[in-house]
Amino acid sequence: MTPQLTVMASDTSGINGVALTVLIVLFLIVTVAGFMASRFRRADSLESLEEWGLGGRSFGTWITWFLLGGDLYTAYTFVAVPAAMFATGAVAGFFAVPYTIILYPIIFIFMARLWSVSHRHGYVTTADFVRGRYDDRTLSLAVAVTGFVATMPYIALQLVGIQAVLEVAGLGGGDNIIAKDAPLFIAFAVLAAYTYSSGLRAPAVIAFVKDILIYLVIIVAIVYLPGQVGGWEAIFGAAQDKMDANNAAAVEAGLPPSSSFVPGSGAFWAYATLALGSAMALFMYPHSITASLSSNSRNTIRRNASILPAYSFVLGLLALLGWVAIAAGTQPIGLDGEANAQLVIPQLFEDMFPAWFAGVAFAAIAIGALVPAAIMSIAAANTFSRNIYKEWLKKDATPAQEAKVSKLMSLLVKAFALIFVLTLDKQNAINFQLLGGIWMMQTFPVIVFSLFTRWFHRYGLLLGWAVGMVYGTIEAYQVVNPVTGKHFGGSLGLIPGIEEMGYIAVTAFVLNVVVAVVVSAICNAMKVSNGKDETIPFDYFADADDPRVQKDLEDHSTHGQAYGDPDDVPGNAPAR
Amino acid sequence: MNPGNTTPQSRPEQGPPPTDKGKMALAGVLLMIPIVVLLWVPHYAKVEPTLWGFPFFFWYQFLWVFICSGLTYTAYRLTLSARGRTTHKVGEDR
């Protein structure tokens with residue numbers, strides 16, 4: 001096998017001129033669209049978080065569908081899911097399908113309530129809601145910091161997605177560090193510029209191009225490729241052979257068999273908890289919330305819950321392309337000459353398709369990185385300016401100042417992600433992202449439980465969060481990669497009491513909820529104050545045409561300051 | 001449909017809108033079905049019966065993409081009809 005690898009590597013190391021040209025042309029089109037986006041559903045001024053950071057809460061069903069699809073199904077997903085299928089099989093890779101199926105019933109249950117209360121009180125982030133629900137700055141800060149920190153490595157991973165494409169296209173080689181990373185640098189500088197000028201409208205417009213390209217590429221691939229490699233039976237046969245061989249080799253080397261064709265009885269818990277934990281964590285991330293809150297009515301998100309699964313179907317097909325690559329004998333070799341499973345999808349397209357179509361596929365992945373990277377940086381920046389800057393540093397900040405801080409922060413966040421990827425090992429970004437998922441799930445009780453009840457006590461929620469964070473981090477640290485011997489080697493750990501492998505986030509979550517229930521019961525029994533609630537039950541059902549919301553928003557724009565409460569209706573948003 | 005379920009409120013415009021709880025419960029059940037089915041991995045982690053070369057494990061989960069989408073849409077229609085419109089004028093009598 002080894003000699004063949006070197007031959008393949010030398011075949012593919014050159015620059016693919018046609019593919020690269022197509023990639024650059026499509027990238028330029030998207031760049032122009034990004035700058036033009038500030039005219040899309042034009043607002044009088046982009047100088048507020050409502051407009052810059054949420055697109056004026058104006059997006060209807062179809063724009064939201066493209067925006068959320070572009071946001072959740074990231075370039076990294078498109079690179080990593082087939083890579084996991086290719087390398088270790090169904091448990092690590094295909095769980096993405098049940099994960100993105102059960103995701104939608106879960107958000108159906110709580111997102112309409114979050115939309116309504118946010119609309120009614122002008123909340124831009126989940127930490128805003130927590131602040132209003134309990135009037136507790138510490139709990140709100142805990143939610144804000146968790147979201148902010150967990151989003152950073154996620155942005156960095158989008159760069160890893162672009163890098164994978166550029167590497168297969170032949171760019172990014174050489175010893176000169178500036179020439180090596182220049183393409184990535186340019187791509188991100190352009191992204192930063194149009195995010196700064198157009199806000200959330202930029203990814204909303206680009207998402208159209210991205211999603212159409214992705215659908216086109218994957219459908220063509222899934223129709224055309226199986227016939228080229230002997231049909232689906234041959235593909236599944238090749239995958240099974242590879243997974244069996246992997247496991248046999250692992251057992252011979254004294255390691256536990258970790259590859260799977262179809263999950264075996266030892267992997268049921270892992271498969272189910274990975275799907276459940278990921279689904280519950282995904283809509284705690286600031287970027288998912290930003291895209292959801294930008295919709296124009298509480299029902300937009302529910303309608304979307306029934307049409308977004310179209311992306312899950314495509315993601316499943318894409319996962320199977322990882323196994324098509326096994327049957328096709330794809331050899332993902334990086335420019336450094338080492339095997340890198342992350343390159344398998346770009347490499348498969350370069351091997352099997354004419355250069356121009358490979359270029360379209362590369363563009364789909366690269367543009368696919370820009371949409372979530374833009375939304376994530378906007379969301380992280382909103383979190384910073386609302387819940388850290390305004391709450392702790394400058395309490396009398398005006399909406400214009402908030403928007404300015406957000407815009408600058410969106411640049412800083414991207415710069416940080418770039419430095420992260422260029423200076424540290426890619427594996428660090430992946431490890432932190434795994435850890436980020438575990439962390440995000442620990443904010444689920446604070447956000448979702450609080451949408452339905454105030455039985456939980458703010459101290460109970462805070463303590464539960466802290467316990468979940470510490471437990472999750474320690475457990476993840478203790479996962480050692482059996483091959484490299486490094487910590488943070490994965491996200492599966494032994495579930496105490498069940499003694500099966502499961503997703504650490506879910507174990508930490510259970511612990512989190514137990515602590516929250518016990519402490520809340522004690523605090524409630526001792527009548528410890530649970531903070532002042534600025535919301536009323538009706539807020540959780542309010543829709544876009546609610547007259548009181550309209551009035552609040554008008555006050556907001558004309559006075560350029562905190563919401564007033566002119567007729568003293570209890571529950572109207574007090575000054576923040 | 002079942003007006004007896006509405007909770008009386010001293011100021012009606014501050015409470016939740018009148019809701020048909022039976023329909024909401026049914027919507028909740030529809031939403032729970034895909035979650036329970038897909039988390040119960042043992043019943044579908046098998047190769048046979050295959051369909052067009054796809055092992056059962058894979059085509060079954062693809063099938064659930066469509067079933068879940070249909071269930072979610074039904075739940076959406078149910079919540080709409082259970083709650084009617086959720087907005088009203090300030091002080092409007094219901």
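The values are calculated or read from the model by the stated rules, or taken from the named source; none is laboratory data. Note that this is a predicted model, so its numbers are computed, not measured. With ideal geometry, Cβ positions are generated from the backbone for all residues, glycine too; neighbour counts draw on all protein chains shown.
Can you confirm whether A:S278 is within 14 Å of another protein chain (Cβ to nearest Cβ), at pLDDT 85 or above, assigned to a helix (DSSP H, G or I) and in contact with a Cys (Cβ under 9 Å, 6 or more places away or on another chain)? In short, no.
The residue that is modelled with the highest pLDDT, counting only those in the range A:517-543 that are buried (at least 16 other Cβ atoms within 10 Å of the Cβ) and facing another protein chain (nearest Cβ under 8 Å), is A:Y540. Take the conditions (1) among the polar types (S, T, N, Q); (2) under 10 Å from the mean Cα position of the chain (by Cα); (3) more than 7 Å from every other protein chain (Cβ to nearest Cβ); B:T72 misses just one of them, which is (3). Looking at the range A:484-504 only, could you name the residues that are assigned to a loop (DSSP other than H, G, I, E, B) and small (G, A, S)? Listed by number, the residues that qualify are A:G485, A:G489, A:G490, A:S491, A:G497. Every condition in (1) at pLDDT below 80; (2) surrounded by fewer than 21 Cβ atoms within 10 Å (Cβ to Cβ); (3) not small (G, A, S) is met by A:I212 except one, and the failing one is (1). Considering each residue of the range A:301-324 in turn, at least one proves to be part of a loop (DSSP other than H, G, I, E, B) and buried (at least 21 other Cβ atoms within 10 Å of the Cβ).
Among the candidates A:V515, A:V506, A:V519, the residue that is under 31 Å from the mean Cα position of the chain (by Cα), over 24 Å from A:P263 (Cα atoms) and not polar (S, T, N, Q) is uniquely A:V515. I'd like to know if the range A:298-320 contains one or more residues that are β-branched (V, I, T), over 21 Å from the mean Cα position of the chain (by Cα) and within 14 Å of another protein chain (Cβ to nearest Cβ). No: the range A:298-320 contains no residue that is β-branched (V, I, T), over 21 Å from the mean Cα position of the chain (by Cα) and within 14 Å of another protein chain (Cβ to nearest Cβ). For the range A:221-235, state whether one or more residues are assigned to a helix (DSSP H, G or I), more than 14 Å from chain B (Cβ to nearest Cβ), within 30 Å of the chain's Cα centre (by Cα) and crowded, with 19+ Cβ neighbours inside 10 Å. Yes: the range A:221-235 contains one or more residues that are assigned to a helix (DSSP H, G or I), more than 14 Å from chain B (Cβ to nearest Cβ), within 30 Å of the chain's Cα centre (by Cα) and crowded, with 19+ Cβ neighbours inside 10 Å.
For the range A:55-109, which fully contained helices (runs of 4 or more DSSP H) count at least 3 residues that are within 18 Å of A:V217 (Cβ to Cβ) and in contact (Cβ under 8 Å) with a residue 60 or more places away in the chain? So the answer is A:61-72, A:75-88. Applying the set (1) within 30 Å of A:D241 (Cα to Cα); (2) in a helix (DSSP H, G or I) to A:T330 leaves exactly one unmet item: (2). Can you name the residue in the range A:1-48 that is polar (S, T, N, Q), at pLDDT below 80 and part of a helix (DSSP H, G or I) and, of all such residues, is nearest to A:G368 (Cα to Cα)? The qualifying residue nearest to A:G368 (Cα to Cα) is A:S38.
Looking at this structure, is A:A327 touching a Phe, Trp or Tyr at 6+ places or on another chain (Cβ under 9 Å), modelled with pLDDT under 85 and within 14 Å of chain B (Cβ to nearest Cβ)? Against the criterion (touching a Phe, Trp or Tyr at 6+ places or on another chain (Cβ under 9 Å), modelled with pLDDT under 85 and within 14 Å of chain B (Cβ to nearest Cβ)), A:A327 qualifies. Of all the listed residues (A:A87, A:A75, A:A127), the sole one being at pLDDT below 85, away from every other protein chain (no Cβ under 11 Å) and under 19 Å from A:L282 (Cβ atoms) is A:A75. Which residue is nearest to the chain's Cα centre (by Cα), if the candidates are limited to the range B:12-53 and must be in contact (Cβ under 8 Å) with a residue 60 or more places away in the chain and at the interface with chain A (Cβ under 8 Å from one of its Cβ atoms)? It comes out as B:P17. Looking at the range A:130-148 only, could you name the residues that are surrounded by fewer than 24 Cβ atoms within 10 Å (Cβ to Cβ) and either touching a His at 6+ places or on another chain (Cβ under 9 Å) or farther than 18 Å from A:L72 by Cα (or both)? Of everything in the range A:130-148, those that are surrounded by fewer than 24 Cβ atoms within 10 Å (Cβ to Cβ) and either touching a His at 6+ places or on another chain (Cβ under 9 Å) or farther than 18 Å from A:L72 by Cα (or both) turn out to be A:D135, A:D136, A:R137, A:T138, A:L139, A:L141, A:A142, A:V145.
Filtering the range A:244-275 to residues that are surrounded by 13 or more Cβ atoms within 10 Å (Cβ to Cβ) and away from every other protein chain (no Cβ under 12 Å) leaves A:D244, A:N246, A:N247, A:A250, A:P257, A:S258, A:S259.
Scanning the range A:282-297 for residues that are small (G, A, S) and either surrounded by 24 or more Cβ atoms within 10 Å (Cβ to Cβ) or away from every other protein chain (no Cβ under 14 Å) (or both) returns A:S288, A:A291, A:S292, A:S294, A:S295.
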